[in-house]
Each structure stands twice: as structure tokens, then as C-alpha cells.
Amino acid sequence: MGRTSGFAAVLLVFCLSRLAPADEPASNPPAGPQQAQQAVDRAIGYLQSESAAWWNTRGCAACHHLPMPLWALSEAERQGYAIDEQFVAETTESLLGSRDALMASKLFPNPADPPDPRPQGRGLNMGLPFLAVAARSMPSTGEGQEQSLKLIAEEIVKKQQPDGSWEFFATLRRPPINESQVTDAAWIIMALQGETGPDAPRSHREALSRAIAWFDAATSSDLHQEKVLRLLVAIRSGKPRDTMQTATEELLALQRDDGGWSQTVPESKSDAFATGQTLYVLSLAGFGAERPEIKRAMDFLVATQLPDGSWPMISRSSPDGSPGSSKLLTPITCAASSWATLGLARLAPKRPQDCSLPATSP
């Protein structure tokens, strides 16, 4: 009897191991449009409460806690989702409503302060381009906000180097928000694009041209975010879709078995930052929710969302390559939840999508 029971136990373990190998991720349950929309609604609640708490307690307009959520909330509203419009309006005004508000956000230099003697004092505060990109996603901006955006553009142009780039300090790298000189340049270019219309100063238009020339000539890396942001810049620059085919195919080839994407390959697991970012940009490139690859990525995000509306994240490695050890995970969690919201809101809208952007499979 004992030998029979032992044999049955061994057989059961063998069968289970064949059914669910340890190296293969479990497939995520399929999520319909309604479940994806519910995920966005939960994420909106998280982003609003987390951003408000950060701003009220820290008074710092960090990229991950204010510009990114404001962009995500604006996109969600455009796609038919209910957001706290008063919170978005008041927060935007508190950041951009005037020159004093911009300086109080700790992003724009106060001329009354002594010069920053540190090397990074020569560089650009990357919160400025993040804030400019977020502001241009809003339905409208007030006079004071427009003036602040002009100040941001002037600061960007002022800090540009002769070769068209901006200084990047590897020792201060904070991946994934500030990951490389190229990813920073992508955000700066997108910010300048919003401020260089026909009436923009010639210096601004020339700065943008130099920046794009440097960006296009910069050696490509294996960073996932760089691949995504290069595609996003191309889309926002109005490049023909057929010129982006190689880039989109490369991103699709990097999708993991669980449906998600990872920030680094092959060390880390799929996460909401890379997955949401990739989904959002692919949606702009013309991929719709009916594509199998897109559907699997949406299933991944719906399945991995936490009850509070956020997505789980881990600390990224430090610049010297040592494992991440940050005990404060709210910054990367808030940024990742913003990207996940951007991607899901576009692909599971509550109203017909904006016809000015492609929404169907190429």
C-alpha cells in the first residue's frame, strides 16, 4: 500500500511538471473591453490620489508623480473616461500658472538663487520637458500656462550643447525616468515640438533641428525604452508609417510569452512600465486591440493590476550595475501606472478614438 501511494505521488508530480513547466509563465486569462476599461478606471483613481498625496506632502513636481499622471489622465479623458477635472486643472495651474508657480515647482531655476556649483547644474532639469509634454496633452491652456511653457522652451534652448544634445550625467541616472542621453533627448525633442510653431523664435526652430539631427545620428542601444521613444518621436514628427515598420516589428519580436515587455533584456521580467509604454506607442503606430499581440499585452496588464489600481514594480539597477535597492517604490510605480493607463485607455476607449491618430491595424 505504501509503495502504491508513493508511486502515485511521484506520477502526480511528474504530470503537473509537464503541465506547468517552471520556466514558462502561466497564461493570463483573456480580458474583454469591459475589464480593460475597469482597469483604467481603477488606475485613474490611483493616479489622482497618489499624485495629490505626493504634491501635498513633498511640494515637488517630480516627473513620475505629476507630469506623467497628468498626461495619462488627459489621455484617459480624451478616450471617454471620467476623471477629476478639477484636480487636473488645479494641479496644472499650480505648476504652470505663472513664473512664480513654475519656480515653486522646483523644476525651473530661480535667478535669485546662487548658481549650482555641481556639474549637474549645467544640465537641464528633466522635469521641464516632461511637464511641457503633459501640458500639451491638455484640451486647453491658460495665458499664464502659455507663458510658463515659453519659459521652459527658452531654458531648453539655453542648455543645448553645440552638437544639438544636452548634457547627461550617468552618475545621476535614475532609470527608467532618466535612462540615457538618448531617452532624455527624446523627451526634450517632444517638448520642443510643442513649442516651435510658425510663430516660434528662429532660435527655437534651429535648436529643434539640431536636436533631431543629433538624435537621428546617435548610436542605437539595446535599451527597450530607447526603441520605444525613438518610435514615438518618429510618430509625433509625422514620418510615413512605412518607414516605421522595422521599428514596430522589432518591438513585437521582444514581446514575452506572458504578453508583456520588460525594461531590460533578458534579465528582468515583464512589467507595466515597459508594457504600457510599448502598447501606447504601438497604438499610435496603428495597431488596434484586435491584433493578437496587442490583446495578449492588454490581458497581461489587466491580470497584473493590483487592487488599488497600480501595478507592481521593483527597483531598477543603479548606474554601476548593482541591483536596485530603493525602498521607495512609489516613483516607479506611479510612472508605470501612468504608462499602463496611457496604453489601455487608447486601446479600450469609452468613446470612438480620435480620428487624427491611426487606430486600426496596419
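The values are calculated or read from the model by the stated rules, or taken from the named source; none is laboratory data. Since this is a predicted model, take the numbers as computed values, not measurements. Counting neighbours? That spans all protein chains shown, and the Cβs are built from the backbone with ideal geometry, glycine included.
Can you tell me which of Ala289, Ala348, Ala285, Ala359 is hydrophobic (A, V, I, L, M, F, W, C), at pLDDT below 95 and either within 22 Å of Ala72 (Cα to Cα) or surrounded by fewer than 21 Cβ atoms within 10 Å (Cβ to Cβ) (or both)?
Ala359
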**Prompt:** Hey, among the residues in the stretch 140-182 that are in contact with a Phe, Trp or Tyr (Cβ under 9 Å, 6 or more places away or on another chain) and over 14 Å from Leu128 (Cα atoms), which one's surrounded by the fewest Cβ atoms within 10 Å (Cβ to Cβ)?
**Reply:** Asp163
**Asked** In the stretch 103-139, which residues are within 12 Å of Trp187 (Cα to Cα) and in contact with a Phe, Trp or Tyr (Cβ under 8 Å, 6 or more places away or on another chain)?
**Response** Leu124, Asn125, Met126, Leu128, Pro129, Phe130, Val133, Ala134
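In the stretch 196-236, which residues are more than 30 Å from Thr275 (Cβ to Cβ) and not in a helix (DSSP H, G or I)?
As a first pass, look at the stretch 196-236 and keep what is more than 30 Å from Thr275 (Cβ to Cβ): 196-210, 213.
Those that are more than 30 Å from Thr275 (Cβ to Cβ) and not in a helix (DSSP H, G or I): Thr196, Gly197, Pro198, Asp199, Ala200, Pro201.
Which one is surrounded by the fewest Cβ atoms within 10 Å (Cβ to Cβ), of the residues in the stretch 75-119 that are part of a helix (DSSP H, G or I) and among the basic types (Lys, Arg)? It would help to see each step written out before you state the result.
First, pick out the residues of the stretch 75-119 that are part of a helix (DSSP H, G or I): 75-78, 85-96, 99-104, 119.
Okay, now just the ones that are also among the basic types (Lys, Arg), so 78, 99.
Numbers: Arg78: 17, Arg99: 14.
Step by step, filter the stretch 75-119, then rank; the result is Arg99.
Select from the stretch 78-130 the residues that are in contact (Cβ under 8 Å) with a residue 60 or more places away in the chain and touching an Asp or Glu at 6+ places or on another chain (Cβ under 9 Å) and write down the one among them that is nearest to Leu347 (Cα to Cα). Before the answer, list the steps.
Kept after step one, since they are in contact (Cβ under 8 Å) with a residue 60 or more places away in the chain, are these residues of the stretch 78-130: 78-81, 124, 126-130.
Next cut, touching an Asp or Glu at 6+ places or on another chain (Cβ under 9 Å) only: 78-79, 81, 124, 126, 128-129.
Working: Arg78: 12, Gln79: 9, Tyr81: 12, Leu124: 34, Met126: 29, Leu128: 28, Pro129: 26 Å.
Going through the qualifying residues, I end up with Gln79.
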**Prompt:** Is it true that some residue in the stretch 284-293 is closer than 25 Å to Ile188 by Cβ, touching a helix residue (DSSP H, G or I) at 6+ places or on another chain (Cβ under 7 Å) and in contact (Cβ under 8 Å) with a residue 40 or more places away in the chain?
**Reply:** yes
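What are the residues in the stretch 213-237 that are β-branched (Val, Ile, Thr) and out of contact with any helix residue (DSSP H, G or I) (no Cβ under 6 Å at 6 or more places or on another chain), if any? Lay out the reasoning, then the answer.
Narrowing the stretch 213-237 to residues β-branched (Val, Ile, Thr): 219, 228, 233, 235.
Across the stretch 213-237, the qualifying residue is only Thr219.
Looking only at the stretch 109-130, which residues are within 18 Å of Lys150 (Cα to Cα) and out of contact with any Cys (no Cβ under 8 Å at 6 or more places or on another chain)?
Kept after step one, since they are within 18 Å of Lys150 (Cα to Cα), are these residues of the stretch 109-130: 109-111, 124-130.
Matches in the stretch 109-130: Pro109, Asn110, Pro111, Leu124, Asn125, Leu128, Pro129.
Name every residue in the stretch 237-288 that is among the hydroxyl-bearing types (Ser, Thr, Tyr), closer than 20 Å to Thr304 by Cα and in a loop (DSSP other than H, G, I, E, B), in order of residue number. Let's see the steps before the verdict.
We begin by selecting, within the stretch 237-288, every residue among the hydroxyl-bearing types (Ser, Thr, Tyr); these are 237, 243, 246, 248, 262, 264, 268, 270, 275, 278, 280, 283.
Add one more test, that the residue is closer than 20 Å to Thr304 by Cα, and what stays is 262, 264, 268, 270, 275, 278, 280.
Those that are among the hydroxyl-bearing types (Ser, Thr, Tyr), closer than 20 Å to Thr304 by Cα and in a loop (DSSP other than H, G, I, E, B): Ser262, Thr264, Ser268, Ser270.
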**Request:** May I ask you to list the residues in the stretch 120-145 that are among the β-branched types (Val, Ile, Thr) and in a loop (DSSP other than H, G, I, E, B)?
**Result:** Thr141
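Those residues that are among the hydroxyl-bearing types (Ser, Thr, Tyr) and crowded, with 16+ Cβ neighbours inside 10 Å, I need them from the stretch 232-258; list them, please. Explain how you work it out, then say what you get.
Taking the stretch 232-258 as the starting set, the residues that turn out to be among the hydroxyl-bearing types (Ser, Thr, Tyr) are 237, 243, 246, 248.
The one that is among the hydroxyl-bearing types (Ser, Thr, Tyr) and crowded, with 16+ Cβ neighbours inside 10 Å: Thr248.
Condition check ((1) in contact with a strand residue (DSSP E or B) (Cβ under 6 Å, 6 or more places away or on another chain); (2) in a helix (DSSP H, G or I); (3) surrounded by fewer than 18 Cβ atoms within 10 Å (Cβ to Cβ); (4) at pLDDT below 60) across all residues:
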position	(1), (2), (3), (4)
Leu12	no, yes, yes, yes
Arg18	no, yes, yes, yes
Gln38	no, yes, yes, no
Ala43	no, yes, no, no
Ser51	no, yes, no, no
Thr57	no, yes, yes, no
Ala61	no, no, no, no
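Looking only at the stretch 204-225, how many residues end up being of a type in the set (Gly, Ala, Ser) and modelled with pLDDT under 95?
2
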**Asked** Only one of (1) part of a loop (DSSP other than H, G, I, E, B); (2) over 28 Å from Thr330 (Cα atoms); (3) at pLDDT 95 or above fails for Ala153. Which number is that?
**Response** (1)
